[in-house]
Amino acid sequence: MNNKNGNIVYEKSFSFAIRIINLYKYLCNEKKEYILSKQVLRSGTSIGANISESLRAQSKKDFVAKMHIAFKEAGETEYWLQLLVATQYVKQEFGQSLLTDLDEIIKILSSIIKTAKQNS
């Protein structure tokens, strides 16, 4: 499972991180918003970083722990995105698009964690 190519959750989290980085640049450059943007940047890119680490896990327990951290970071990212939409820093349509992508990642992570725990 060390191969990132073809790993759907890795690929989706990497694409999501790119969108989050672009959102961060937009919020800083266009909206002059630096606090919430930094929070969503940190948590939104951490999802993929933890998934990447999990692919090099030393054990099944380590793998589950890294995936669980990614899952928690996804939950935090969801909060920041909802807040950015609610405060109109991000347009509803764009925010919903990000939240839809994030929801898909959360569902995949939840399934991976559940399966890995059952198989250990």
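What follows is calculated from the coordinates using simple rules that are stated; it is not laboratory data. Everything numeric in this text was worked out from a predicted model, so none of it was measured. Cβ coordinates were reconstructed from backbone atoms using ideal geometry, including for glycine residues, and neighbour counts include every protein chain displayed.
Counting Lys +1, Arg +1, Asp -1, Glu -1, what net charge surrounds Q118 among other residues with beta carbon under 15 Å of its beta carbon? Show your work: numbers first, answer last.
Numbers: positive: K60, K61, K114, K117; negative: none.
Here the charged neighbours net out to +4.
Relative contact order for region 8-118 using alpha-carbon pairs under 8 Å, separation at least 6, rounded to a whole percent? Dividing the mean separation by the residue count of region 8-118 yields 28 percent.
If you keep only loop residues by DSSP, which trypsin sites (Lys or Arg not before Pro) in region 70-120 have at most 16 other Cβ atoms within 10 Å of their Cβ? Listed in order of number, the matching sites are K91. Taking label positions 7 Å along the Cα-Cβ direction at both Q118 and T87, the computed distance is 4.1 nm, reported to one decimal.
With helices as the sole contributors, the chain gives -28000 deg cm²/dmol at 222 nm; each DSSP H run of n ≥ 4 counts as -39500 (n - 2.57), and the sum is divided by every residue. Only lysine pairs 8 or more places apart, or on different chains, with alpha-carbon atoms under 26 angstrom apart are counted in region 9-105, and they number 18. Tilt of helix 60-86 relative to the longest C-alpha principal axis of the chain, in degrees (0 to 90, nearest 10)? Tilt of helix 60-86: around 20 degrees. Between I21 and L55, full extension at 0.36 nm per residue minus the direct alpha carbon distance yields a gain of 10.0 nm. Relative to the longest principal axis of the Cα atoms of the chain, helix 35-54 runs at roughly 20 degrees. Projecting the Cα positions of I20, L81, S120 onto the charge dipole of the chain (unit charges on Cβ atoms of Lys, Arg, Asp and Glu, taken about the Cα centre) puts S120 furthest along the positive direction. Set against the 2.2 N^0.38 Å expectation for a compact globular protein, region 1-64 has a Cα radius of gyration ratio of 1.33. Seen through its C-alpha gyration tensor, with square-root eigenvalues sorted a ≥ b ≥ c, region 8-118 comes out prolate because a/c lies at 1.5 or above while a/b is bigger than b/c. The angle between the Cα long axis of helix 92-118 and the main principal axis of the chain comes to about 10°, on a 0 to 90 degree scale.
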